[in-house]
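**Student:** My questions all concern the structure below.
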Amino acid sequence: MKILIVDDHKVVRDGIRFMLSDEPGIEIIGEAESAEAMFEIIDSEPVDVVLLDIRMEGMTGLDALKPIASDYPQVKVLMLSMHDQPGYVRRAVELGASGYLLKSAGRDEILAAISAVSVGERYIQSVLMEPLLADVTRVRGKSGRLSPREQQVLQLIANGSENKQIARELGLSEATVKTYIRGVFERLDVSSRAEAVAVGIRMGMIE
């Protein structure tokens, strides 16, 4: 199994290499200190699993997930991060990561995660699961409380309507439409129209 380590801290890369170097069946084929350097390596030789940091200079690990998923679908990504907030875990999985570990994870857990994601399974470190499930439940709970008018506004946003068009369609002022949109954002726990539409589709709220 060919592994690529991507982290902007050399001490982290060295530690992971040392931890995995003697493991049968695992070959560390390279290291990269940035997402840009990672893509150069993936372009030049086969990679099975990328151990990817989130916070890096330039393109972040989260930014890199979509192009990996679209251009290199055979490459599995295991996020290795210091961030334990549920929002990071949820976002990474939504963008295509197969697994998520904290940098404090031990050798056995890292090996178990690599083994799982390499065969197409999902692996989330056990210590992260309870807060992640609570976060998902919270988001779903909010999304289920859209008023009928807010759902109408969300549907029109999904249809590509701007505020002025929504106001005309529903017989409202633009100021009122903006208020409804703020309510939609708050209840769906999002910060943009695109995110609102994505969550709405996922929750079956948009036709």
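**Student:** For the chain, set up a GNM with springs between Cα atoms under 10 Å and report which of Glu169, Glu40, Glu27 has the largest fluctuation.
**Tutor:** Among Glu169, Glu40, Glu27, the largest GNM mean-square fluctuation belongs to Glu169.
**Student:** Order 90-97, 64-71 from most to least packed using the mean count of other Cβ atoms within 10 Å.
**Tutor:** Details: 90-97: 18.5, 64-71: 16.5.
By packing density, highest mean first, the sequence is 90-97, 64-71.
**Student:** What FRET efficiency comes out for His9 versus Glu121 if R0 is 30 angstrom and r is the Cβ-Cβ distance? Round to the nearest 0.05. Display every interim value, and only then the final one.
**Tutor:** Working: r = 28 Å, r/R0 = 0.93.
Once rounded, the FRET efficiency stands at 0.60.
**Student:** Related question: For Tyr100, Tyr123, what's the fewest-to-most ordering of other Cβ within 10 Å of each Cβ?
**Tutor:** Working: Tyr100 29, Tyr123 21.
Listing Tyr100, Tyr123 from fewest to most nearby Cβ atoms yields Tyr123, Tyr100.
**Student:** Measure out, as a whole number of angstrom, how far apart the alpha-carbon centroids of region 23-40 and region 147-200 sit.
**Tutor:** 43
**Student:** What 222 nm value per residue comes from the helices of the chain, counting each DSSP H run with n ≥ 4 as -39,500 (n - 2.57) and dividing by all residues, nearest 500 deg cm²/dmol?
**Tutor:** One gets -17000 deg cm²/dmol as the mean residue ellipticity at 222 nm.
**Student:** Hey, what did region 144-202 get for relative contact order, percent, Cα under 8 Å, at least 6 apart? Kindly include the intermediate steps, with their values, before the conclusion.
**Tutor:** Details: 40 pairs, mean separation 21.6, N = 59.
Across region 144-202, relative contact order equals 37 percent.
**Student:** If we restrict to alpha carbons, what Rg and Dmax does the chain come to, in Å?
**Tutor:** That works out to 20.5, 68 Å for Rg and Dmax.
**Student:** Report the calculated FRET efficiency for Gln155 and Asp63 (r = Cβ-Cβ distance, R0 = 45 Å), to the nearest 0.05. If you can, show how the numbers build up before the last one.
**Tutor:** On the way: r = 30 Å, r/R0 = 0.66.
Calculated transfer efficiency: 0.95.
**Student:** Sticking with this one: Please build a GNM for the chain, connecting alpha carbons under 10 Å apart, and tell me which residue among Leu80, Leu62, Leu170 fluctuates the most.
**Tutor:** Of Leu80, Leu62, Leu170, the most mobile in the Gaussian network model is Leu170.
**Student:** Which FRET efficiency value, to the nearest 0.05, do you get for Asp22 and Ala198 by plugging their Cβ-Cβ distance into 1/(1 + (r/R0)^6) with R0 = 45 Å? Could you put the intermediate results ahead of the total?
**Tutor:** Working: r = 43 Å, r/R0 = 0.95.
Here the calculated transfer efficiency is 0.55.
**Student:** For the chain, modelled as a GNM with alpha-carbon contacts under 10 angstrom, which of Arg149, Arg187, Arg107 fluctuates the most?
**Tutor:** Ranking Arg149, Arg187, Arg107 by mean-square fluctuation puts Arg149 first.
Values in this text are rule-based calculations from the coordinates and carry no lab data. Being a predicted model, the structure only gives us computed values, none of them experimental. Positions of Cβ are generated from backbone atoms using ideal geometry, with glycine treated the same way; all protein chains shown enter the neighbour counts.
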